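Every read-out reported here was derived from the displayed coordinates using simple, explicitly stated rules and does not represent laboratory data. Source: prediction; values computed, not measured. Don't worry about glycine lacking a Cβ; one is built from the backbone with ideal geometry, like all the others, and counts go over all protein chains shown.
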Amino acid sequence: MISKKSARRAVDRNRIKRLTRESFRLQQHRLPAVDIVILARRGITELDNATLHRQLHGMWRRLEKSVRNA
């Protein structure tokens with residue numbers, strides 16, 4: 001769920017959720033079996049799809065490294 005404070009319009013919230021789910025689906029085989037909570041900050045609606053996808057990819061890599069090093 002993405003709050004209305006982060007993304008006012010439903011179409012923006014749905015776009016963010018759709019991109020997040022797709023990014024996770026593509027990376028889930030590399031990720032550990034943990035619960036993941038993603039928080040959206042204000043201004044996320046100003047990012048284009050490619051930028052948002054790159055940021056999500058970077059978060060998945062950091063998660064993978066942090067679990068590997070623990």
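Overview of results
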| item | result |
| --- | --- |
| Which of His53, His29 has the fewest Cβ neighbours within 10 Å, and the rest in rising order | His29, His53 |
| Estimated inter-spin distance, Lys65 and Asp35, nm [label 7 Å along Cα→Cβ] | 2.6 |
| Structure-derived mean projected area of the Cα convex hull in nm² - corresponding label in (i) 4.2; (ii) 4.8; (iii) 5.2 | (ii) |
| Order of Asp35, Asp12 - criterion: other Cβ atoms within 10 Å of each residue's Cβ, fewest first | Asp35, Asp12 |
| Sparse-neighbourhood loop sites, trypsin sites (Lys or Arg not before Pro) in region 27-56 - DSSP loop, at most 13 other Cβ within 10 angstrom | Arg30, Arg41, Arg42 |
